[in-house]
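Okay, so here's the structure we're looking at.
The values are calculated or read from the model by the stated rules, or taken from the named source; none is laboratory data. Every value quoted in this text rests on a predicted model; they were computed, and no experiment measured them. Because the Cβ atoms are built from the backbone with ideal geometry, glycine has one as well, and the counts that use them run over all protein chains shown.
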There are 6 protein chains.
Amino acid sequence: MRILVVNVNTNESVTEDIARAARQAASAGTEIVALTPRFGSESVEGNFESYLAAVGVMDIVMAYNETFDAVVQAGFGEHGREGLQELVNVPVIDITEAAAHLAMMLGYRFSIVTTLQRTVPQILDRLRVAGVLEHCASVRATGLSVLELAEDPARTCRVVVNEAMKAIRNDQAEVICLGCGGLAGLDQMVADEAGVPVVDGVGAAVGLAETLVRLGLSTSKIGAYASPLPKARTGWPIPRGDVAP
Amino acid sequence: MRILVVNVNTNESVTEDIARAARQAASAGTEIVALTPRFGSESVEGNFESYLAAVGVMDIVMAYNETFDAVVQAGFGEHGREGLQELVNVPVIDITEAAAHLAMMLGYRFSIVTTLQRTVPQILDRLRVAGVLEHCASVRATGLSVLELAEDPARTCRVVVNEAMKAIRNDQAEVICLGCGGLAGLDQMVADEAGVPVVDGVGAAVGLAETLVRLGLSTSKIGAYASPLPKARTGWPIPRGDVAP
Amino acid sequence: MRILVVNVNTNESVTEDIARAARQAASAGTEIVALTPRFGSESVEGNFESYLAAVGVMDIVMAYNETFDAVVQAGFGEHGREGLQELVNVPVIDITEAAAHLAMMLGYRFSIVTTLQRTVPQILDRLRVAGVLEHCASVRATGLSVLELAEDPARTCRVVVNEAMKAIRNDQAEVICLGCGGLAGLDQMVADEAGVPVVDGVGAAVGLAETLVRLGLSTSKIGAYASPLPKARTGWPIPRGDVAP
Amino acid sequence: MRILVVNVNTNESVTEDIARAARQAASAGTEIVALTPRFGSESVEGNFESYLAAVGVMDIVMAYNETFDAVVQAGFGEHGREGLQELVNVPVIDITEAAAHLAMMLGYRFSIVTTLQRTVPQILDRLRVAGVLEHCASVRATGLSVLELAEDPARTCRVVVNEAMKAIRNDQAEVICLGCGGLAGLDQMVADEAGVPVVDGVGAAVGLAETLVRLGLSTSKIGAYASPLPKARTGWPIPRGDVAP
Amino acid sequence: MRILVVNVNTNESVTEDIARAARQAASAGTEIVALTPRFGSESVEGNFESYLAAVGVMDIVMAYNETFDAVVQAGFGEHGREGLQELVNVPVIDITEAAAHLAMMLGYRFSIVTTLQRTVPQILDRLRVAGVLEHCASVRATGLSVLELAEDPARTCRVVVNEAMKAIRNDQAEVICLGCGGLAGLDQMVADEAGVPVVDGVGAAVGLAETLVRLGLSTSKIGAYASPLPKARTGWPIPRGDVAP
Amino acid sequence: MRILVVNVNTNESVTEDIARAARQAASAGTEIVALTPRFGSESVEGNFESYLAAVGVMDIVMAYNETFDAVVQAGFGEHGREGLQELVNVPVIDITEAAAHLAMMLGYRFSIVTTLQRTVPQILDRLRVAGVLEHCASVRATGLSVLELAEDPARTCRVVVNEAMKAIRNDQAEVICLGCGGLAGLDQMVADEAGVPVVDGVGAAVGLAETLVRLGLSTSKIGAYASPLPKARTGWPIPRGDVAP
């Protein structure tokens, strides 16, 4: 099967990290196609950029010319999943929700360790809307921006473990979710240090996408995620020439 | 004071209806500037179009060259308010939330009467995220699309009253909110028929915007709605030439 | 328009402070009539006194002989708003709810800074009943009683700012509400110190009352707040001669 | 032990019905003293009258000259319990909460059958504030006023059973609570007809009061229900001479 | 009346402590029969042992040959109450829920002080399922195992008081519940030290059982707790010979 | 990998149905070992039998002599998952929760169609405890017992579709979950009739178990699901000789 894994920012190197994590999680026989939006921000930290990302992700998925079996939206806490569900007929999995779903099966409470404090409310809202907030012990910020994460992986791991330990000790978390697509790949190191299961949303989403595809399940089209009605739209699809890389 | 009232679809005639309702609600001395997005869909019914609207609204507000004191986002149940709050320093009021806030002061439970059934979950999510879902008795759909609303005002009023009466009798609603920017102007007629207060979100939002401006209050910039960090963005602002009216 | 702003305690000097804040918030053309109950306690700190206040407020409003367009109940976290809504046909706004409604439009989470710790549960209950608790980060007590607030305004401002900063740092509040009618007037000073929007309930309630009146909206009378049925009552209205100061 | 059972309206014949139900539920050795407020309304149906009742109940309890071991507030869904808890050192039991507490131990969901529809929101709020709303399936109104209940006991029983059956069939209630002090005494008849346990709040409250007294438990005075601070009050206690029948 | 008070572990000395507490709480004329399961664990700390206890308690109650009027399940936070309710026709009271019900009538928030941290989530789940979690401020663990509690009563009391004080100061608890059947008997000592009401679940449950019996109330059999259907079962009832001490 | 799929009743033919569904859902290379408890009831319909099942499942898993990579508990709405998580180090997936997790990714609201009405509250409680109740539109009973399901598959399918259509029309469900292990295999037929995705918990759980194993994730052992402490237990493990098939 082919799974589209879509970065939410325009940064190709983040796309590569995500692709690597996705491929590592995928079963034999699953092809991972990683996409980078041609519209949006070089990193997504906050609602403005997240709304750009929602459109950028929908655009790049619609521009993909070949068949695919599922889509993974690889931004943590970002907007847009519901729109994508309307546009395609295959399963759409958001990495935030995927991480939360798996974490809930692994312990009584999970915490999320993310980037900047300003993104915390948005993550909480996305968990709330998805109905998976109840067992979330906390969302904790490291203070590192998305782009700083890659600068010094050792430091990144250290600060993530540091917040993870606070989540475990102060918030009674029993499982940690990595709260940024750019943290994909750190799960094992953090798990070794923190002594609890660590869920990376990209791997979680790939696994869930594979499961849904194997079970022949996809989005219900009778209600919230019915296909859009045909009507006039301006500026959509995003004109190709103008948004060249 | 000057309030920008921003339609969420690209339909100028809906913008005019909204502008009329906004001006009727405004105090003497308040200037209403009505804006139509240059990016998006001719009507917004569902998440895909709503995410386009989020970007279209942010774009047209950022393209506005003069000063303003508040922004009203005039789409019912649409995404985007949080992004706009990051981009501007003046108060941003969403008509969905505005209607709910006022309705909560007028009765024990309110119901919303909206367009198509497919928009109901999205409206519920927006109320939930805004923290104003608790006293919502129901969100009921008339089955009329946004563009059908204007075709036959008498029929529109009739079906809105019909759903309002069901909300009152079956869901114990004591107040009705008109759940579409395109319904602005029907509030008095529906109130007369239904015998309960009817809140139009556009008027509600204009009133709340004026109140915040008069009190010198605006969005907190220390957390969720801090200004975006400076960074590279692709395709943003939306190029002017390509999205001609 | 004429708005009755009703103190909940029998202390005329608190009434004057409230009136001043109300007048400062009111639009040109709005007349503020400030009332002091002739039944009740010199300050309201707890449920017993708050229930007296509920009756004292209803009594003094019913004793008012001229027409009015709205009523503001100017006690923070007090009982009684629902009773008043039954008795009059104009909008009734409680300052607790008014502050919360506006605060929710200004940031992701708000905190309330109030007087004594003993009043905190009651404030929480009133927010819960009004359906505006969800985005409340905390209710924090300064330890100052209502009557101590006025003794040393500089100290009062200092301790309010102190609790506001704890709410911001520990509880992730982004907006502060002044949790006592007697704090009206401190909003700007606290905002300057704390760096976040500060909502005074009296001003908020006056603004919301004006908005409702302008929009022609008032309490729904078909359910929870229908007019009382005619029946025999003992001791009500409170006899004038016997409750002289 | 001596338990004060306090009616919330000024109607002596309702007090007698309540006293009868209380005595029937009491253990040997428990003395029931039934009190009628000297301030308030001949029946309590709505918030205005309920706030009068809150004060009327506090007044008549404070006017009681002898010792007592517990107080039962015998109005369904009424305000005031928290104030009474501040004023006395013995346990205070509200019949609404008492009924809900016992009902929760008898089945998965309980419903309340009460008088007029207008009282339903208030009952819901009182259950919410007391933290016992979660397992409440519904609050259903018979349409009979408090005073009509006594006019034709056979009809009253019939309409109560009728609503009880709807609660069982439509709302999945497994237990019924009688939602008015004036329904005390009908529990056995309704139970026989409806085939489920029926809880009368007055009996429930007497039983719970006895239990607390026997266990040596009373209201915590360190927080929400601490004794009122000494301060000047106007019109309180309610002057005796002036409120004679 | 005769109340069966059933320990959840196989430790006879804990049964004796529980019996003593039950008898102290019982009214004159109430006979307490204390039972020890013949299947299960010597102490119950966690879900595995708690599920054994659920079966052990049902087994020993079904093996009891004489009549009885109520059953008290004397394990804090344990599974099983719902099964027992299906098997018998008399009231079944769980000490966790009993403590919470009484605590809710005594203060705004209660905390539970229990044994090991690992039992906290299970207690929270049992409160949630019973619908009595809302006013629970916290569940705090002493770190002492069930069997350590009895080793040094002075130390036990000290650490319980210590956690109680943290609950009062940090979590705003106003009432403390002893969170283990093995703590029965310490309530008065802890109350004296902590200055708040302390509820022992065993006493609470006995009182509530007596109340229900006196009121003629028992479990509704029309829904969740209907009697089991007749069918083949393997290994049940638990064979007597094989599980001898 | 090897996954143990454990029936909750003692009925071998139900085990075979479950095994078939599990094998159909499993990836190539996954071995399904289906186990039937040697303790418990021939069908599980209610809490008493569900608590027996909890012990029966733990027993048969502990008696399994070879290695395994995950356990699926194949009873819908049954107790016991948390105990099993303490006893083993591999992932434990309950089919109720598995179905809900997948359903939440496929539509806005899901409904469950199950056997007897009496099992509905227990299913609701298990969803609540697992934190996946929020998007559950309803749990609907067909009125068929577990053993009747297999008697006439055509009738079973018909009544399941019938309740599914009610869930879709009346409760706004967009996805249906089959609420009984014995319904495994009907998913495609029901989906074809109802026009929405239908999730069978057994397949869902096998897919989720595979995903967790592939990602190297298992239950956190630092808190709620830590291994049981060593201590004396009576009657456990369940003696082999006495509970012969």
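To keep it simple, each residue is scored yes or no on (1) of a type in the set (G, A, S); (2) under 18 Å from B:V92 (Cα atoms).
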| position | (1), (2) |
| --- | --- |
| B:V8 | no, yes |
| B:E16 | no, no |
| B:E45 | no, no |
| B:L52 | no, no |
| B:V57 | no, yes |
| B:A63 | yes, yes |
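For segment E:212-226, does any single residue satisfy the condition of being touching a residue at least 24 places away in the same chain (Cβ under 8 Å), more than 8 Å from every other protein chain (Cβ to nearest Cβ) and in contact with a helix residue (DSSP H, G or I) (Cβ under 8 Å, 6 or more places away or on another chain)? The answer is no, given that none of the residues of segment E:212-226 is touching a residue at least 24 places away in the same chain (Cβ under 8 Å), more than 8 Å from every other protein chain (Cβ to nearest Cβ) and in contact with a helix residue (DSSP H, G or I) (Cβ under 8 Å, 6 or more places away or on another chain).
Yes or no, residue by residue, for (1) more than 14 Å from chain C (Cβ to nearest Cβ); (2) of a type in the set (A, V, I, L, M, F, W, C):
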residue: D:N7; (1), (2): no, no
residue: D:E16; (1), (2): yes, no
residue: D:Q24; (1), (2): yes, no
residue: D:G29; (1), (2): yes, no
residue: D:R38; (1), (2): no, no
residue: D:V44; (1), (2): no, yes
residue: D:N47; (1), (2): no, no
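Can you name every residue in segment F:1-36 that is closer than 19 Å to F:A70 by Cα, within 14 Å of the chain's Cα centre (by Cα) and in a loop (DSSP other than H, G, I, E, B)? Passing the criteria: F:N7, F:V8, F:T36. Scanning segment B:115-123 turns up no residue that is outside the structural domain of B:D17 (by TED's automatic domain parsing) and within 26 Å of C:V92 (Cα to Cα).
Residues that are touching a residue at least 40 places away in the same chain (Cβ under 8 Å), touching a helix residue (DSSP H, G or I) at 6+ places or on another chain (Cβ under 7 Å) and closer than 19 Å to C:L186 by Cα occur at least once in segment C:147-157. Determine whether A:G143 is more than 23 Å from A:N11 (Cβ to Cβ), out of contact with any strand residue (DSSP E or B) (no Cβ under 9 Å at 6 or more places or on another chain) and surrounded by fewer than 18 Cβ atoms within 10 Å (Cβ to Cβ). So A:G143 fails the test. The residue pairs whose first member lies in segment E:76-103 and is within 9 Å of another protein chain (Cβ to nearest Cβ) and more than 19 Å from F:E82 (Cβ to Cβ), whose second member is hydroxyl-bearing (S, T, Y) and outside any loop (DSSP other than H, G, I, E, B), and whose beta carbons are closer than 8 Å, counting only pairs six or more residues apart or on different chains, are E:L102/D:T211.
For C:V92, the criteria (1) surrounded by fewer than 24 Cβ atoms within 10 Å (Cβ to Cβ); (2) touching a helix residue (DSSP H, G or I) at 6+ places or on another chain (Cβ under 7 Å) hold in every case but one, which is (1).
One residue stands out in segment E:160-191 among those that are acidic (D, E) and modelled with pLDDT of 95 or more: the one that is farthest from E:A21 (Cα to Cα), namely E:D171. The residue of segment F:26-58 that is nearest to F:R126 (Cα to Cα), among those that are surrounded by fewer than 19 Cβ atoms within 10 Å (Cβ to Cβ) and either touching a strand residue (DSSP E or B) at 6+ places or on another chain (Cβ under 7 Å) or not hydroxyl-bearing (S, T, Y) (or both), is F:E42.
Within segment D:181-203, the only residue that satisfies the criterion of being facing another protein chain (nearest Cβ under 7 Å) and assigned to a helix (DSSP H, G or I) is D:G203.
Screening A:L116 with (1) under 26 Å from E:D125 (Cα atoms); (2) surrounded by fewer than 24 Cβ atoms within 10 Å (Cβ to Cβ) gives one miss only, at (1).
In the set (1) within 9 Å of chain C (Cβ to nearest Cβ); (2) farther than 23 Å from B:T36 by Cβ; (3) in contact with a helix residue (DSSP H, G or I) (Cβ under 7 Å, 6 or more places away or on another chain), B:A164 fails one condition alone, (1). For segment B:204-224, filtering for residues that are crowded, with 24+ Cβ neighbours inside 10 Å and not in a loop (DSSP other than H, G, I, E, B) leaves 9. When the test is whether a residue is farther than 26 Å from F:A209 by Cα and either basic (K, R) or not assigned by TED's automatic domain parsing to the domain that holds F:R23 (or both), F:G143 passes it. Screening segment F:119-132 for residues that are in contact (Cβ under 8 Å) with a residue 12 or more places away in the chain and at the interface with chain A (Cβ under 8 Å from one of its Cβ atoms) and picking the one that is surrounded by the fewest Cβ atoms within 10 Å (Cβ to Cβ) gives F:A130.
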